[in-house]
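The values are calculated or read from the model by the stated rules, or taken from the named source; none is laboratory data. Remember, it's a predicted structure, so these values are computed and weren't measured experimentally. Backbone-built Cβ (ideal geometry, glycine too); neighbour counts: all protein chains shown.
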Amino acid sequence: MKKIQLIIALCASTLMLAQDNNTTSYTTNRPDGHAPISVMGDHTHNKGEWMVSYRFSTTTMEDLRRANDDVTNESVLLPNGGDYMVTPTDMPMNMHMIGAMYAPTDRLTLMAMGMYMDMTMDHLTAMGGMFTTESSGFGDLSVSAMYKFIDTDSHKWHAQIGLSIPTGTIDNKDVTPASMGNEVILPYPMQIGSVLMMPLLLLLT
Ligand SMILES: [Cu+2]
C-alpha cells in the first residue's frame, strides 16, 4: 500500500514556565532548537521547565502493490484470478497526540505521551460491493526519561529510556458483510493499541 502522510505541525503549544534569554545557544526556547515535529525525544529541558504539546497527523494509505508492481484492487479478487474475497481500497487515519515533559533537574527530563486515533477502511468485495469499517480509541501510553550527558553550544548528547505501556484499545468492533449484522472484532490493522510492553532506547546527538 502506498502511504501518504501529512503532518500538520501547527501544534506544539509550548508552555515554558522558565525562561532562558540566551539566544546565542540552541535552547528549546528557540524555534530552531527543535527537531521536526514527528521526532520524539529530540530535546531535554532545564530544571523546573514544563512543556505540553499537542500534535495532529493524518495519514491515508491507498493502492496495492504486488512485489515491485502496482496492481489494481480488482485484480486481487477471486473472480478476476486473484486470491481474495475482499480487498481494502483506502484507509484514512487521524492521530491526536498529547505530550507532557518536565525536568526535575538540569540533566533529567521526564516525558509522557498518549494518543487518540480514529481510522476508517474502505473495502471492495469479490461480488463488486463496497463497505467501510471504522474504529477509534486511545493508543498505548509511553513514559520515558531522558538524561543529558553533554550540553555545550556546539554539542548535545542525551539518551532516552522508557516504556510503551499497552493501555490502548485492542477490541474495536464493527459490522462487515460476512458478520450477518453483528459487530465482530476488526483485524489487526484496525486496532489501535498493542499487547506488548515495549522498551524504548535512544541515543541522540
Ligand atoms: Cu519539551
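Say we look at region 88-119 and pick out the residues that are under 20 Å from the mean Cα position of the chain (by Cα), under 15 Å from residue 188 (Cα atoms) and crowded, with 17+ Cβ neighbours inside 10 Å; which of these is nearest to the ligand (Cβ to nearest atom)?
117
Output yes when any residue across region 15-31 is more than 10 Å from the ligand (Cβ to nearest atom), under 15 Å from the mean Cα position of the chain (by Cα) and either at pLDDT below 75 or closer than 30 Å to residue 120 by Cβ (or both), and no when none is.
No, region 15-31 has no match at all.
Taking residue 128 and the conditions (1) surrounded by 15 or more Cβ atoms within 10 Å (Cβ to Cβ); (2) away from the ligand (no atom under 14 Å from the Cβ), which numbered condition does it fall short on, given that it satisfies the others?
It is condition (1) that residue 128 fails.
Inside region 61-87, can you point out the residues that are part of a strand (DSSP E or B) and either hydrophobic (A, V, I, L, M, F, W, C) or buried (at least 17 other Cβ atoms within 10 Å of the Cβ) (or both)?
Of everything in region 61-87, those that are part of a strand (DSSP E or B) and either hydrophobic (A, V, I, L, M, F, W, C) or buried (at least 17 other Cβ atoms within 10 Å of the Cβ) (or both) turn out to be 61, 64, 71, 77, 86, 87.
List every residue pair whose Cβ atoms sit under 7 Å apart, with the two residues 6 or more apart in sequence or on different chains, where the first one lies in region 44-61 and is of a type in the set (Phe, Trp, Tyr) and modelled with pLDDT of 90 or more and the second, anywhere, is surrounded by fewer than 18 Cβ atoms within 10 Å (Cβ to Cβ) and not in a strand (DSSP E or B).
Partner pairs satisfying both residue conditions: 50/15; 50/17; 54/11; 54/13; 56/11.
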